[in-house]
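Visitor: Let me give you the structure first, and then I'll get to my questions.
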Amino acid sequence: MTQEKIILHWLNFSRAHRVLWLLEELEVPYELKLYERDEDYRAPPQLKKIHQLGRSPILEIYPDGNEDPIILAETGYIMSYILENYNPKGKLVPESKRNQELVKYYLYYAEGTLQGILVSLYVLGETSKRAPWGGRTIGGLVAKGISKGYYLPEAFSNLDFLEEQLSKQPGGYFAGDKLSAADIILSFPLNDDLFSNRAAMNRVGSDISSKYPNIKAWRKRIVKEPGLIRANEIIKKDL
Ligand SMILES: N[C@@H](CCC(=O)N[C@@H](CS)C(=O)NCC(=O)O)C(=O)O
């Protein structure tokens, strides 16, 4: 196992919490730098000094005391890197090849498909509030039309898909009968950004919790995961 210095740049209420959770699960030593969103819910400009796009998470790695860091962005990529480089015991890796491949799929899917739909619904939901006065009604109607015509059916198609995927896994996790990186990466779009977020639930219709019993049971299971509880406590203490 390589002995490197690792710094996780963590922004509040963000996708970065999954990386913290994964580092905790694998007991990888790391330093944490915390950032708070501004009043417009944007990341502070300091993050742009680490990576030009200024988004969180960012993982800063100093290989063997080297002063020139490797900078990693994109949650799925960061999580793959951690699993490949800091997991000699293969913790969280499912036994079957099929489930191992499923984990890789979800590491792309969470950000590549699901998250984009949720962000689009959020942005469209904001349209009527942010449109200039006089354009609010028309702006809101256009946004609603786009949501109803495209993004809501997409959201439901994805929720149906995830519900069915869970029904095929006897343990109730997304890839096998125990926690894997698939559950960790899906925790943000599915739990934090949708089912635990009242405004997001209202955008899709708040009856979805009862409509998706497998997802509901999965959420109950993952919030009790000791690694996530540890990550939550670390943040509570440091923020
Ligand atoms: N696809 C990227 C998205 C990163 C991203 O957009 N992060 C959000 C937090 S959830 C952010 O940093 N937002 C700050 C901003 O919008 O200013 C990933 O998976 O890491």
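Visitor: Checking Leu159 against (1) in contact with a Phe, Trp or Tyr (Cβ under 7 Å, 6 or more places away or on another chain); (2) within 16 Å of the ligand (Cβ to nearest atom), which single condition isn't satisfied?
Guide: (2)
Visitor: Tyr150: more than 18 Å from His9 (Cβ to Cβ), assigned to a helix (DSSP H, G or I) and either within 16 Å of the ligand (Cβ to nearest atom) or in the same structural domain as Ile184 (by TED's automatic domain parsing) (or both), yes or no?
Guide: On the way: more than 18 Å from His9 (Cβ to Cβ): yes; assigned to a helix (DSSP H, G or I): yes; either within 16 Å of the ligand (Cβ to nearest atom) or in the same structural domain as Ile184 (by TED's automatic domain parsing) (or both): yes.
In short, yes.
Visitor: Let me ask something else about it. Restricting to the stretch 110-146, give me the number of residues that are more than 16 Å from the ligand (Cβ to nearest atom) and either farther than 16 Å from Asp193 by Cβ or at pLDDT 95 or above (or both).
Guide: Qualifying residue count for the region: 19.
Visitor: Are any residues in the stretch 66-76 outside any loop (DSSP other than H, G, I, E, B) and without any contact (Cβ under 8 Å) to a residue 12 or more places away in the chain, and if so, which ones? Walk me through it before giving the result.
Guide: Let us first name the residues in the stretch 66-76 that are outside any loop (DSSP other than H, G, I, E, B), namely 70-73, 75-76.
Listed by number, the list holds a single entry, Ile70.
Visitor: Tell me which of these Gly65 doesn't satisfy, since it passes every other one: (1) over 28 Å from Pro226 (Cα atoms); (2) surrounded by 15 or more Cβ atoms within 10 Å (Cβ to Cβ); (3) small (Gly, Ala, Ser).
Guide: (2)
Visitor: For the stretch 66-95, name all the residues that are closer than 25 Å to Gly116 by Cβ and hydroxyl-bearing (Ser, Thr, Tyr).
Guide: Thr75, Tyr77, Ser80, Tyr81, listed by residue number.
Visitor: Go through the residues of the stretch 80-94 one by one and say whether even a single one is of a type in the set (Ser, Thr, Tyr), in a helix (DSSP H, G or I) and away from the ligand (no atom under 16 Å from the Cβ). Can you show your working first?
Guide: Residues of the stretch 80-94 of a type in the set (Ser, Thr, Tyr): 80-81, 86.
Still in the running and in a helix (DSSP H, G or I): 80-81.
So of that shortlist, the ones also away from the ligand (no atom under 16 Å from the Cβ) come out as none.
No.
Visitor: Suppose we filter the stretch 84-103 for residues that are loosely packed, with under 10 Cβ neighbours inside 10 Å and within 20 Å of the chain's Cα centre (by Cα); how many remain?
Guide: Summing the residues that are loosely packed, with under 10 Cβ neighbours inside 10 Å and within 20 Å of the chain's Cα centre (by Cα) in the stretch 84-103 gives 1.
Visitor: Pick from Lys237, Lys216: which is modelled with pLDDT under 95 and outside the structural domain of Pro57 (by TED's automatic domain parsing)?
Guide: Lys237
Visitor: Would you confirm whether or not the stretch 178-190 contains a residue that is more than 23 Å from Ser14 (Cα to Cα) and under 20 Å from the mean Cα position of the chain (by Cα)? Don't jump to the end; show me each part of the working.
Guide: Let us first name the residues in the stretch 178-190 that are more than 23 Å from Ser14 (Cα to Cα), namely 178.
Right, trim to under 20 Å from the mean Cα position of the chain (by Cα) and you get 178.
Yes.
The values are calculated or read from the model by the stated rules, or taken from the named source; none is laboratory data. If you're wondering where the values come from, they're calculated on a predicted model, not measured in any experiment. Positions of Cβ are generated from backbone atoms using ideal geometry, with glycine treated the same way; all protein chains shown enter the neighbour counts.
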